[in-house]
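This report refers to the structure that appears directly beneath it.
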Amino acid sequence: MPGRIANALLAAALATGLEAQSPASPSLPSTPAGTVVKAWYDAYGSGDTLRILDFYRQYQPQRARSTVQFRAASGGFDILSVERAEPRRMEFIARERKTPQTYYATVDLTPTDPPQITSSYLIPIGPNGSVDAIRIDAPGRAKVIDGAIAKLDSFYVFPDVAKRMADSLRARRTRGVYDTYANAPSFSVKLNNELRELSHDKHMAMQYSARAIPLRPRLATPPPPSAEDSARMRSQMDAMNCGFVKVEQLEGNVGYVKFNAFADVDFCGATASGAMSFVAASRALIVDMRENGGGSPAMVAYVSSYLFSTRTHLNDLWERSTAKTTEYWTRDDIPGRRFGGEKPVYVLTSAQTFSGAEEFSYNLKSLKRATIIGETTGGGAHPVSGHQIDEHFMIGVPFARAINPITKTNWEGVGVEPDVKVPAADALATALKLIRDGVRQ
């Protein structure tokens, strides 16, 4: 379960793991990983938010805000056991202090000095979950690998790459690469990382669920969501305000919109319309994508429609299974007032800007509609769909590719290069300075 929340939980778990351990807690080795854990512990033990933020600026800057927020809500974690200890990798069982919820945690560090966190996962294994319940044997691993290969062969957007991945997975299994992975969550993380390494596709994913999920037949045309599903989704979108974090008018009649997801238009179109209409009269607009992880291509087109005065071709998606191309254009039917296609737009990006947020940035850059300011984005351009392998393992397989109508390519693996390259933390100030100076790239 990769993501900001999982990494936040992981950081909190590690923060509880060293000198403050109870006598029954496991000892941890004096390794680079141990050094990072010690620094985590010291920062969280201080109770000083600024000190915690300073730690993340050094070791994992993209996780700072979410980690601090989640730490406050979780109440901390206890490390119950260490399952794997290597100089720059650690796997362990952690339990929330406020609830009996238990997690399997992994952390990997760079070979640099000082180290940084390259990846970290926190996978729920249930209330008071035990390691015995998540064991996996050789036949189980073989079944998952064979299942993954079958899904890649059927659905991956590039069949030749799918074959290369399949050959590599089989060869690695023959060499015994996976033999030491006796815990299912750890095995899923290993496959997740290897699939991304082999494909160079950042949307590729392997996930594990400790809770058994009944296998369901995959329908060619999925049924519409039930009333109960729609109500649940509405509640979830309301709880996160459809991803919209801040909409305001800055000094000098500069509009500012920050949202962290491109949510479903059916549930969140009204929220997006309200936000974009609020800033429509601004003389310049800043759209903050620095923490946006993507979402619906339809919402990308919906929001983009407020930034153009005439119907505009934004992007295409080619799908392997049908060999058909879906075109995405700005919409004529959006409610409220448009910002329009003449006034300047500035899009803020970071290394964490991903997927649909990258499409938004790439489309506007290709159309010369916006100035992109910040860092090169994450590099994920292939839409993904989930496929069950068995009751516990699911693989996310990219099934289509973006084709920009101007560049005839996309941002997969390379990200979106900003017009003005600055650290993400400086992007807003840089945009405001460009606006004050009347500079438009």
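Quick one: P(r) of the stretch 360-441 from all Cα-Cα pairs, 10 Å bins, percents rounded to integers, in order of increasing distance.
Spelled out per bin, shortest first, that is 16, 36, 25, 15, 7, 1.
For the chain, what ratio Rg/Rh do Cα atoms give with a Kirkwood hydrodynamic radius?
When Rh is taken as the Kirkwood radius, the ratio is 0.97.
Taking other Cβ within 10 Å of each residue's Cβ, how do Val287, Val420 sort, fewest first?
Val420, Val287
How large is the convex hull of the C-alpha atoms of the stretch 381-422 per residue, in Å³?
In the stretch 381-422, the Cα hull volume divided by residue count equals 89 Å³.
Rounded to two decimal places and with Rh computed the Kirkwood way over Cα pairs, what is Rg over Rh for the stretch 213-293?
Rg/Rh: 1.14.
Can you list, bin by bin at 5 Å, the percent of alpha carbon pairs in the stretch 324-412, starting at 0?
Per 5 Å bin, starting at zero, the Cα-Cα P(r) for the stretch 324-412 comes out as 3, 11, 18, 19, 18, 14, 8, 4, 3, 1, 0 percent.
Over the Cα atoms of the stretch 285-441, what Rg and Dmax result, in angstrom?
Considering the stretch 285-441 through its Cα atoms, Rg and Dmax are 16.4, 58 Å.
Rounded to the nearest 500, what is the chain's calculated 222 nm mean residue ellipticity when only DSSP H runs of at least 4 contribute -39500 (n - 2.57) each, over all residues?
-11000 deg cm²/dmol
To make sure I understand, if each residue's beta carbon is the centre and we count other beta carbons within 10 Å, what order do Val161, Val414 fall in, fewest to most? Show your work: numbers first, answer last.
Numbers: Val161 16, Val414 12.
In order of increasing Cβ crowding within 10 Å: Val414, Val161.
What distance in nm lies between label points placed 7 Å from Cα along the C-beta direction at Lys324 and Ala270?
Output for this residue pair reads 3.1 nm.
Using all C-alpha to C-alpha distances in the stretch 138-208, build P(r) with 5 Å bins and read off the rounded percent in each one.
With a bin width of 5 Å, the distribution comes to 3, 17, 31, 29, 15, 5, 0.
What spacing in nm lies between the two simple spin-label points modelled at Asp437 and Ser226, each 7 Å away from Cα in the Cβ direction?
A separation of 5.9 nm, rounded to one decimal place.
What is the spin-label model distance, in nm, from Lys408 to Ala429 if the labels are put 7 Å beyond Cα along the C-beta direction?
The modelled label-to-label distance comes out at 4.3 nm.
Compute the angle between helix 184-199 and the longest alpha-carbon principal axis of the chain, please, reported from 0 to 90 degrees and rounded to the nearest 10.
50
Can you give the % of DSSP beta bridges in the chain that are antiparallel, to the nearest 5?
Roughly 75 percent of the DSSP beta bridges within the chain come out antiparallel.
Length gain on complete extension for the stretch Asp113 to Ala171, per 0.36 nm per residue less the alpha carbon to alpha carbon distance?
Gain on extension, Asp113 to Ala171, equals 17.5 nm.
Using a simple charge model, +1 on the beta-carbon of Lys and Arg, -1 on the beta-carbon of Asp and Glu, nothing else, what dipole does the chain show about its Cα centre, in debye to the nearest 20? Working shown, then result.
On the way: 51 positive and 46 negative charges, 79 e Å.
Once rounded to the nearest 20, the dipole reads 380 debye.
For the residues Ser304, Ser119, what sequence is obtained by ranking on other C-beta atoms within 10 Å, fewest first?
Arranged by neighbour count, lowest to highest, Ser304, Ser119 become Ser119, Ser304.
Give me the angle, in degrees from 0 to 90, between the Cα long axis of helix 64-74 and the longest principal axis of the Cα atoms of the chain, rounded to the nearest 10.
The answer is roughly 60 degrees.
Restricting things to Cα coordinates, could you compute the convex hull volume per residue of the stretch 94-221 in Å³?
Dividing the Cα hull volume of the stretch 94-221 by its residues yields 154 Å³.
Where in the stretch 310-412 are there GluC sites (Glu not before Pro) that are in a DSSP coil and have at most 13 other Cβ atoms within 10 angstrom of their Cβ?
Values: sites: Glu319, Glu327, Glu342, Glu358, Glu359, Glu375, Glu391, Glu412; in loops: Glu342, Glu375, Glu391, Glu412.
Within the stretch 310-412, the qualifying GluC sites (Glu not before Pro) (loop, at most 13 other Cβ atoms within 10 Å) are Glu342, Glu391.
Please enumerate, by chain and number, the lysines with C-alpha under 17 Å from the C-alpha of Lys258, excluding those fewer than 8 residues away in the same chain.
Candidates past the 8-residue exclusion: Lys246.
Restricting to DSSP loop positions (anything but H, G, I, E, B) with no more than 11 other Cβ atoms inside 10 Å of their own Cβ, which trypsin sites (Lys or Arg not before Pro) remain in the stretch 339-392?
Working: sites: Lys365, Lys368, Arg369; in loops: Lys368, Arg369.
When the trypsin sites (Lys or Arg not before Pro) of the stretch 339-392 are filtered for loop state and at most 11 Cβ neighbours within 10 Å, Lys368 remain.
Just so you know, all these numbers are worked out from the coordinates, no wet-lab data involved. Since the structure is predicted, the reported quantities are computational estimates derived from the model, not experimental observations. All Cβ positions, glycine included, derive from the backbone under ideal geometry; neighbour counts span all protein chains shown.
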